[in-house]
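> First the structure, which I've put down as structure tokens, then a few questions once you've had a look.
The values are calculated or read from the model by the stated rules, or taken from the named source; none is laboratory data. Only a predicted model underlies this, so the values are computations on that prediction, with no experimental measurement involved. Note that each Cβ is placed from the backbone with ideal geometry, even for glycine, and that neighbours are counted across all protein chains shown.
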Amino acid sequence: MKPFLDTLAGRVPARPPVWLMRQAGRYLPEYRAVRAKAPDFVAFCLTPDMAIEVTLQPIRRYRFDAAILFADILLIPHGLGQGLAFKEGEGPVLEPIRDRSGVERLAVEGAAARLSPVYEAVAGIRAGLPPEVALIGFAGSPWTVATYMVEGRGGTEQATIRKMAWREPELLAALLDRVVAASVDYLLEQVRAGAEAIQLFDTWAGSVPGPLFDDLVIRPTRAIVERLKAAHPGLPVIGFPRGAAARLAEYAARTGVDAVGVDWSTDLGAVRHALPRGVASQGNLDPLLLAAGGDRLDAEIDAILDATRGAPHVFNLGHGIVPETNPEHVARLVARVRGEAR
Ligand code: CP3
């Protein structure tokens, strides 16, 4: 019995399952200790022993209902042959792709094979997990991955790729096609190695111009979901189009995902009412409230439990844990969600 998988299937356990985005990360001293031994972040992700260890750390500490593979959405550009480095204090830096020749250099063939240490990690994690804990594999959604590939970095308001979307839509479509193809291969390998559910992170869905939402978010996401489900009909898929609250119900209905991640700016109760029957929700506590802690944290945890009572809901944050978070606040959250702290 895995409460997380039950919930994604539309059933409602007595207590919602709980895991947290970025649950393996810098807020944990044991993560920082492993991280300090890795030569760089890409090597860290591609060293199975390290990825297995940091994936299991938060499970040992908190007994979350799900583990998420430790990797990064930018391994897809890396696998496609695009130069990628993580710079201290700067985040990811890629050699930007701005033209046809840049897109054509991306080698879909062999991209998934280049990421084979990830699948080795998946198998090792599965072997190390308690039987009731599910394993989530993941990739970025094509649009979000493409924003990094075109901009060359994060935090840019995606101006370059938005201009490309309007001026050279065929070029962007060709880029998205390659990302879709590589991501499908990559995710199928994760499933083959033991991933039991897939999450697609669309961190920058909110910067897509409204008239292009269908082309840039829904269609590429649906293409991935269809191909995954053609190979594995029962495989649950969670989509997380951050910043796209007004279109969540449409997104769920048209992409075919089993669950939607809800960001912290969104009214969860309203989303629950709008979602198609049987679609699960996941979220949406503000990660900065988890960092703040205190009585207000308890109150907002309870408010999420109240807003989702009777519905298939996975307790989570509305985005990733921030590094300054006190690990004791996470313990308190888990206890409260489980009804063990009043
Ligand atoms: O625990 C987990 O959630 C699993 C591992 C995971 C990481 N990144 C590890 C990571 C997952 C699911 C991701 C997804 C990811 N990566 C996203 C989508 C979700 C989101 O947070 O919006 C994005 C946009 C990225 C790209 C990325 N990776 C950026 C922008 C950065 C730098 C910013 C930062 O937080 O440092 C990363 C690095 C990264 N990926 C870290 C971790 C734990 C921190 C790096 C470190 O430990 O030095």
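> Please enumerate the residues belonging to segment 90-109 that are free of Cβ contacts under 8 Å to residues at least 24 places away in the same chain and either within 13 Å of residue 182 (Cα to Cα) or under 22 Å from the mean Cα position of the chain (by Cα) (or both).
Correct list: 109 only.
> Report yes if some residue within segment 20-32 is surrounded by fewer than 16 Cβ atoms within 10 Å (Cβ to Cβ), without any contact (Cβ under 8 Å) to a residue 12 or more places away in the chain, more than 20 Å from the chain's Cα centre (by Cα) and within 12 Å of the ligand (Cβ to nearest atom); otherwise report no.
yes
> Mind listing just one residue for me: the one in segment 2-56 that is of a type in the set (D, E, K, R) and not in a loop (DSSP other than H, G, I, E, B) and, of those, nearest to residue 285 (Cα to Cα)?
Selected residue: 6.
> For segment 59-74, which positions are assigned to a helix (DSSP H, G or I) and either in contact (Cβ under 8 Å) with a residue 60 or more places away in the chain or of a type in the set (Ser, Thr, Tyr) (or both)? Spell out the reasoning first.
First, the residues of segment 59-74 that are assigned to a helix (DSSP H, G or I): 59-62.
Within segment 59-74, 59, 61, 62 qualify.
> In segment 306-313, is there at least one residue being touching a residue at least 24 places away in the same chain (Cβ under 8 Å), within 16 Å of the ligand (Cβ to nearest atom) and surrounded by 13 or more Cβ atoms within 10 Å (Cβ to Cβ)?
no
> Let me ask something else. Restricting segment 262-286 to residues that are touching a strand residue (DSSP E or B) at 6+ places or on another chain (Cβ under 7 Å) and without any contact (Cβ under 8 Å) to a residue 40 or more places away in the chain, which is nearest to residue 316 (Cα to Cα)?
The initial filter retains those residues of segment 262-286 that are touching a strand residue (DSSP E or B) at 6+ places or on another chain (Cβ under 7 Å), namely 262-264, 266, 268, 271-272, 275, 279-285.
Remaining after also requiring without any contact (Cβ under 8 Å) to a residue 40 or more places away in the chain: 271, 275, 281, 283-284.
Values: 271: 15, 275: 18, 281: 10, 283: 4, 284: 6 Å.
Out of the qualifying residues, it is 283.
> (1) more than 16 Å from the ligand (Cβ to nearest atom); (2) more than 22 Å from residue 237 (Cα to Cα); (3) in contact with a His (Cβ under 7 Å, 6 or more places away or on another chain): which one isn't true of residue 287, the others all being true?
Among (1) more than 16 Å from the ligand (Cβ to nearest atom); (2) more than 22 Å from residue 237 (Cα to Cα); (3) in contact with a His (Cβ under 7 Å, 6 or more places away or on another chain), residue 287 violates only (1).
> Now for a separate question. Yes or no: residue 341 within 16 Å of the ligand (Cβ to nearest atom) and either more than 22 Å from residue 7 (Cα to Cα) or touching a residue at least 60 places away in the same chain (Cβ under 8 Å) (or both)?
Considered against the rule, which asks whether it is within 16 Å of the ligand (Cβ to nearest atom) and either more than 22 Å from residue 7 (Cα to Cα) or touching a residue at least 60 places away in the same chain (Cβ under 8 Å) (or both), residue 341 comes out as no.
> Under 18 Å from residue 74 (Cβ atoms), away from the ligand (no atom under 15 Å from the Cβ) and modelled with pLDDT of 95 or more - does that describe any residue in segment 236-255?
No, segment 236-255 has no match at all.
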